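Following: one structure in structure tokens, then a few remarks.
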Amino acid sequence: MNETEFKRHSRRLLFAWIALVALMLTSLGSAYVPLGIGNAFAGLAIAIAKSAIIAVLFMRLARASTMVRITAATALATWLLLIGLSSVDYATRPHDPAEMQPASSWAW
């Protein structure tokens, strides 16, 4: 690796680090802003951006072999399937509060 390649590689890593730290601080800041359901969407958007930075710069999926790309796509599809199944489970659960047992009926 010559000096220009080293500088270019170091610059890319520095920009990735700055971007990840900025996204971390954005995530921290969004936790203190009352956005309601928007906090969940902001958190997901930030997580997707972080994952994209990691996948492109550190995992080098753009230049990876076909097998590595297939493995990454399979992992993403499995993750999306699990999120979908969890969403269906959450959506079909009853939201009634559980009955409380009175304190006098406890057998000590």
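The values are calculated or read from the model by the stated rules, or taken from the named source; none is laboratory data. These numbers were taken from a predicted model, which means no experiment stands behind them. Because the Cβ atoms are built from the backbone with ideal geometry, glycine has one as well, and the counts that use them run over all protein chains shown.
Report yes if Ala22 is modelled with pLDDT of 90 or more, over 25 Å from Ile83 (Cβ atoms) and touching a Leu at 6+ places or on another chain (Cβ under 6 Å), otherwise no. So Ala22 fails the test.
For first residues located in the stretch 24-44 and without any contact (Cβ under 8 Å) to a residue 12 or more places away in the chain, partners that are assigned to a helix (DSSP H, G or I) and among the aliphatic types (A, V, I, L, M) and lie 6+ apart or on another chain with Cβ distances below 8 Å form the pairs Leu35/Ala42; Asn39/Ala31. In the stretch 30-79, which residue that is within 26 Å of Arg11 (Cα to Cα), of a type in the set (Gly, Ala, Ser) and not in a helix (DSSP H, G or I) is modelled with the lowest pLDDT? So, considering only residues that are within 26 Å of Arg11 (Cα to Cα), of a type in the set (Gly, Ala, Ser) and not in a helix (DSSP H, G or I), the one modelled with the lowest pLDDT is Ala64.
Residue-level check: of (1) of a type in the set (A, V, I, L, M); (2) surrounded by 10 or more Cβ atoms within 10 Å (Cβ to Cβ); (3) not in a helix (DSSP H, G or I), Met1 misses just (2).
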